[in-house]
Amino acid sequence: MKITPMVRNNICLNAHPEGCAREVGILADRAGTFYGVQSVSPHGLSRRPNHVLIIGCSAGYGLASRLVAGFGYHAATVGISFEREPSGNRTGTPGWYANRAFDTLSAQSGIQSVTFEVDAFSDNAKEQAIKAAKSQGGPYDLIVYSLASPVRTDPESGIMYRSAIKPIGSPYSGTTVDVFSGAMKEAQIQPADEEEIFQTVKVMGGEDWARWMDALESANSVAESAMTVAYSYIGPSLSWPLYRDGTIGRAKADLEAKSREIGHKYASAGLKAYVSINKAVVTRSSAVIPVIPLYVSTLFKVMKERNLHEDCLDQMMRLYTERLYIPDNVQVPLDDEGRIRLDDRELSQSVQDEVTSRMARIDDGNLRELADIDGFRQDFLRAHGFEVPGVDYEAEI
Ligand SMILES: NC(=O)c1ccc[n+]([C@@H]2O[C@H](COP(=O)([O-])OP(=O)(O)OC[C@H]3O[C@@H](n4cnc5c(N)ncnc54)[C@H](O)[C@@H]3O)[C@@H](O)[C@H]2O)c1
């Protein structure tokens, strides 16, 4: 069969097996080239990741974190992600193919890697990661928490919680765009009730991250002076009513609170827990947030014009080389609230002024001139294995 993208409302329902694998190969090559640069950099490699656990390893920021650790630093990696395997004429999730490509490429390069496709929120996932630490490479010196999920079953109560992307207090309206048809429309979202806020914090807050760290620490699976990092987003003020001040913002505030709790709890073991605020990128998760496609397309156009554009891999290279693995006598650079900031270029005054001015004038007639709709569409398709250079999409799969 030939596989073409099946997209509905900025959700892609299928994936191209070869395209997903090829995309991981392209990214691994980029990360590997960067290793060459690193080994001669003034920082050298005295501080480096050696054994890395990535929770949410198959896509977006988690996959990029794993690629930089594995192909950038030649660290052994253990990945956790939740995937659907292919069956009948239905393809698997993109991550199902990405995980296999990652493990195959790692083996070919002599880099240790193992991937568990399991619900990260379950106790079983924690047990598997603990066993893997024991059987290969010893305790983890870096634990990356990069989950984006619509649901979570709490293993203690068995209750399934559902996250919602909604404003709090009053309705939100903003302009959004379907990047496939180019149609702009107003999105109106009613505010969340208390139960929806509670459930979103349960899914996307820091409770599960803290459970992971407790499980790993009590099984001696965390190395002395290790680091753990979870990802968050702040974004421009126009998105705050929906994002930062909405349900997801409450969850991210909880994530930040948990990073402080984890850091205090395991300070005597030298553990450092960080939240890194990353820039907006196109991933399977971010594409479904209303208003984000229009903002991100405009942001991409402005940042590309100014040579400031970064994708997930660029961001993660910067996280490792300019934040986490810097000389021993230099502190990890943090903002006033103790967070790592990788959104500095996105949120710089001049970029934001230009994006805000464009978004105020954008309409159907000037959409492509002011915003990089095609760049958004292409990143989105590539995240599902489509439009990846070097793949013959006419070939039978
Ligand atoms: N995309 C952005 O623009 C952006 C910006 C800043 C921060 N972030 C943050 O980065 C983190 C990752 O987001 P992303 O955009 O890379 O998402 P993504 O959808 O690309 O990847 C999510 C990963 O989580 C895994 N996952 C989901 N549910 C799981 C489960 N139950 N068990 C195991 N694995 C599961 C998926 O398999 C996938 O590997 C999130 O915390 C997000 O808020 C994203």
List pairs: first in the stretch 111-139 and in contact (Cβ under 8 Å) with a residue 60 or more places away in the chain, second within 16 Å of the ligand (Cβ to nearest atom) and among the basic types (Lys, Arg), Cβ under 6 Å, 6+ apart or cross-chain?
121/152
Filter the stretch 172-212 down to the residues that are acidic (Asp, Glu) and in contact (Cβ under 8 Å) with a residue 40 or more places away in the chain and list them by number.
178, 196, 207, 208
Among 207, 305, which is closer than 22 Å to residue 152 by Cβ and more than 12 Å from the ligand (Cβ to nearest atom)?
207
Filter the stretch 211-223 for residues that are surrounded by fewer than 20 Cβ atoms within 10 Å (Cβ to Cβ) and either modelled with pLDDT under 95 or closer than 12 Å to residue 126 by Cβ (or both); the one that is nearest to the ligand (Cβ to nearest atom) is 211
Could you please find all residues in the stretch 320-341 being among the hydrophobic types (A, V, I, L, M, F, W, C) and closer than 15 Å to residue 273 by Cβ?
324, 332, 334, 340
For residue 250, are the conditions met, namely being surrounded by fewer than 22 Cβ atoms within 10 Å (Cβ to Cβ), over 30 Å from residue 328 (Cβ atoms) and out of contact with any strand residue (DSSP E or B) (no Cβ under 6 Å at 6 or more places or on another chain)?
yes
For the stretch 361-390, how many residues meet the condition of being crowded, with 19+ Cβ neighbours inside 10 Å, small (Gly, Ala, Ser) and within 18 Å of residue 175 (Cβ to Cβ)?
1
In the stretch 296-351, residues that are within 22 Å of residue 377 (Cα to Cα) and polar (S, T, N, Q) total 4
Can you tell me which residue in the stretch 239-286 is farthest from the ligand (Cβ to nearest atom), limited to those that are assigned to a helix (DSSP H, G or I) and modelled with pLDDT under 95?
239
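Select from the stretch 69-85 the residues that are free of Cβ contacts under 8 Å to residues at least 40 places away in the same chain, away from the ligand (no atom under 12 Å from the Cβ) and in a loop (DSSP other than H, G, I, E, B) and list them in ascending order.
74, 85
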I'd like the residue in the stretch 130-153 that is touching a helix residue (DSSP H, G or I) at 6+ places or on another chain (Cβ under 8 Å) and more than 12 Å from the ligand (Cβ to nearest atom) and, out of all such residues, is farthest from residue 76 (Cα to Cα).
130
Of the listed residues (88, 92, 110), the one being of a type in the set (Gly, Ala, Ser), within 14 Å of the ligand (Cβ to nearest atom) and more than 30 Å from residue 246 (Cβ to Cβ) is 92
Which of (1) under 22 Å from residue 337 (Cα atoms); (2) part of a loop (DSSP other than H, G, I, E, B) is the odd one out, the single condition residue 290 does not satisfy?
(1)
Take the conditions out of contact with any Phe, Trp or Tyr (no Cβ under 8 Å at 6 or more places or on another chain), within 15 Å of the ligand (Cβ to nearest atom) and modelled with pLDDT of 95 or more and apply them to residue 11. Does it pass?
no
Considering the stretch 295-345, residues that are acidic (Asp, Glu) and not in a helix (DSSP H, G or I), and then whichever is farthest from the chain's Cα centre (by Cα), we arrive at 328
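The values are calculated or read from the model by the stated rules, or taken from the named source; none is laboratory data. Predicted model only: the values in this text are computed from it and were never measured. FYI the Cβ positions are ideal-geometry reconstructions off the backbone, even for glycines, and counts take in every protein chain you see.
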